[in-house]
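Undergrad: Here you go, one structure.
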Amino acid sequence: MTFLCKRISLYTFGFSLALGLAACAGDALESGLDPFAPMVFKEGVTAMPLNPPNKATTQPFYVSQHTIFKFAVDTNSILIGADGVTRYIVILTSPNGNDQVQYEGIRCDSFQWRLYGTFENGAWKENPLSSWRGIQSNVPNRYQAALAQGAFCNFSSQEKNIKAILQSLNPDGFTGQTKPSNSLGQIN
């Protein structure tokens, strides 16, 4: 009988030891992977576009009643990156008709934007001083905020569906900035 008791206690000890080790293997603090630790952003490689913006796929969008510029995005240039960055070509048109074409990216998780380069003299020129900057919501030319809030982001996460982005950029439903209306709700 004592031999059987020793054997049962040995099996019980082995089973509880294996169960304890299995429980520790999945423990975030034991494994060193804390699921609540902030994620470190690692940006993917960004190549400059090969072509200038295509006039046929350029979509104007409303930014603010306080701006004198016009803004448009080349819908064919929108790239939804696996790194959490949405990249796009934007065209800024001044009141005298001059265009400035830029290749930019928006991060929804941190509400930041980055200028990768500009289209000058028929060629793309990379911006060597490019860095992430906070998106300003309270300036007249707040086009990055309008794009982030109206099409590229779902609150603080990146919109992953290109059809949803294109639908959001529709001028009849774009919500990047509410168009001014009178007291009757009519858009001026």
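The values are calculated or read from the model by the stated rules, or taken from the named source; none is laboratory data. Keep in mind the model is a prediction, meaning the values are calculated, not measured. Note that each Cβ is placed from the backbone with ideal geometry, even for glycine, and that neighbours are counted across all protein chains shown.
Undergrad: Can you pull out every residue in region 147-159 that is part of a loop (DSSP other than H, G, I, E, B) and more than 9 Å from the chain's Cα centre (by Cα)?
TA: Passing the criteria: only F155.
Undergrad: Taking region 103-140 as the search range and keeping residues that are touching a residue at least 12 places away in the same chain (Cβ under 8 Å) and among the aliphatic types (A, V, I, L, M), which one is farthest from T75 (Cα to Cα)?
TA: Per the criteria, the residue is I135.
Undergrad: Now for a different question. So Q65 ticks every box in (1) surrounded by fewer than 17 Cβ atoms within 10 Å (Cβ to Cβ); (2) modelled with pLDDT of 95 or more; (3) under 21 Å from F174 (Cα atoms); (4) not aromatic (F, W, Y) but one. Which box is left unticked?
TA: Only one criterion is unmet by Q65, namely (2).
Undergrad: N127: surrounded by 14 or more Cβ atoms within 10 Å (Cβ to Cβ) and at negative phi, yes or no?
TA: Against the criterion (surrounded by 14 or more Cβ atoms within 10 Å (Cβ to Cβ) and at negative phi), N127 qualifies.
Undergrad: I'm trying to understand the selection: among the residues of region 82-122, which are of a type in the set (D, E) and buried (at least 19 other Cβ atoms within 10 Å of the Cβ)?
TA: If the condition is that a residue be of a type in the set (D, E) and buried (at least 19 other Cβ atoms within 10 Å of the Cβ), then E104 is the only one that fits.
Undergrad: How many of the residues in region 61-90 are touching a residue at least 24 places away in the same chain (Cβ under 8 Å) and part of a strand (DSSP E or B)?
TA: 13
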